[in-house]
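**Q** Dropping a structure here in structure tokens format, bear with me for questions.
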Amino acid sequence: MPSFSDVTLQTARLTLRPPVLADVDAIFAMRADPVVQRYGSHPPWTDRQTAVEWIERNLRGMAAGEHAQFVLERRTDGVVIGSCTLYALDTQCRRADVGYALVLPEWGQGYANEAVSRMLDWGFDELDLNRVEADIDPRNVPSARALERLGFTREGHLRERWIVAGEVSDSWIYGLLAREWRAARASRAGTHASANAS
Ligand SMILES: CC(C)(COP(=O)(O)OP(=O)(O)OC[C@H]1O[C@@H](n2cnc3c(N)ncnc32)[C@H](O)[C@@H]1OP(=O)(O)O)[C@@H](O)C(=O)NCCC(=O)NCCS
């Protein structure tokens, strides 16, 4: 994969951009929040240095084209309200995993849908991905809803896949294919065109 260091994506309300060290407090606050991290792959962070290392690791990963990690900057006020990622990129199978998180006060406003939709456009169109996967805790209702709203299909239930801070949990595996994404996008565009024409 080419370097992703210069990739910046725009949506109506958000700029998706690579993280910078100045984002450390926003990223730390989000990942230290036990509500945001309730079903995450690691316990809430307790040390700000973890956020510094996360940013440095992601800058290296973006530069090498190993994975894409964006922070979500709200365009009206420049506040970082979340992040989203395409990781575990497999060039042979043209596959990646998706991840996303928002700071708690911004849940329920469609920001994850807006950001991940834009990132999926980029992943399918620019990276030529054929399949994007997600692995979520079945108890993570907002995340399941977000994936289903994006058009992902729940494909499997893996038992006791995670142990985080001693808590064992299952996974629901979701998948979305490029052709499904494009068909849904064309259908949305058609709906908008006919709404505008009428
Ligand atoms: C998963 C997570 C990002 C979902 O956030 P979210 O805000 O619910 O997600 P969406 O962007 O899809 O927003 C949809 C909600 O916003 C509402 N909404 C408001 N305005 C909207 C708009 N303009 N467009 C779309 N939805 C809108 C929808 O009705 C929906 O609410 P509902 O689920 O109560 O019906 C959030 O819960 C989170 O950060 N969780 C912690 C991290 C996490 O678990 N990540 C997943 C692990 S991989």
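**Q** Would you please name the residue that is nearest to A165 (Cα to Cα), looking only at residues in the range 28-38 that are crowded, with 18+ Cβ neighbours inside 10 Å and near the ligand (Cβ under 9 Å from one of its atoms)?
**A** Step by step, filter the range 28-38, then rank; the result is Q37.
**Q** Check T91 against each of (1) more than 6 Å from the ligand (Cβ to nearest atom); (2) closer than 16 Å to Q69 by Cα; (3) open to solvent by 30 Å² or more (accessible area, probe 1.4 Å); (4) among the hydroxyl-bearing types (S, T, Y) and name the one condition it does not meet.
**A** (2)
**Q** Identify, by number, the condition in (1) within 15 Å of the ligand (Cβ to nearest atom); (2) over 21 Å from N140 (Cβ atoms); (3) open to solvent by 20 Å² or more (accessible area, probe 1.4 Å) that R17 doesn't meet.
**A** (1)
**Q** If you don't mind, another one. Can you find a residue in the range 167-175 that is among the hydroxyl-bearing types (S, T, Y), closer than 27 Å to I27 by Cα and either more than 10 Å from the ligand (Cβ to nearest atom) or loosely packed, with under 12 Cβ neighbours inside 10 Å (or both)?
**A** Yes, that holds for at least one residue.
**Q** While we're on this one: Would you check if V71 is within 14 Å of the chain's Cα centre (by Cα), within 16 Å of the ligand (Cβ to nearest atom), of a type outside the set (S, T, Y) and modelled with pLDDT of 95 or more?
**A** So V71 passes the test.
**Q** Next up: Considering each residue of the range 1-45, count those that are part of a helix (DSSP H, G or I) and among the aromatic types (F, W, Y), and give that number.
**A** 1
**Q** Oh, and also: Quick test of your reading of the structure: R139 fulfils all but one of (1) basic (K, R); (2) more than 15 Å from the ligand (Cβ to nearest atom); (3) open to solvent by 60 Å² or more (accessible area, probe 1.4 Å). Name the failing condition by number.
**A** So the condition that R139 fails would be (2).
**Q** Among the residues of the range 141-171, which ones are of a type outside the set (G, A, S) and closer than 26 Å to E66 by Cβ?
**A** Hits for the range 141-171 are L147, L150, F152, E155, L158, R161, W162, I163, V164.
**Q** Of (1) among the aliphatic types (A, V, I, L, M); (2) more than 15 Å from the ligand (Cβ to nearest atom); (3) more than 26 Å from E66 (Cα to Cα), L127 satisfies all except one. Which?
**A** Evaluating L127 over (1) among the aliphatic types (A, V, I, L, M); (2) more than 15 Å from the ligand (Cβ to nearest atom); (3) more than 26 Å from E66 (Cα to Cα) leaves (3) as the failure.
**Q** Looking at E155, E160, E114, which one is of a type in the set (D, E), surrounded by fewer than 19 Cβ atoms within 10 Å (Cβ to Cβ) and over 27 Å from A186 (Cα atoms)?
**A** E160
The values are calculated or read from the model by the stated rules, or taken from the named source; none is laboratory data. Treat the numbers as computed from the prediction; the structure is a model and nothing was measured. Heads up, the Cβs are rebuilt from the backbone with ideal geometry, glycines too, and the neighbour counts pull from every protein chain shown. Accessible surface areas use protein heavy atoms only, side chains included; no ligands, DNA or RNA. Shrake-Rupley method; radii C 1.70, N 1.55, O 1.52, S 1.80 Å.
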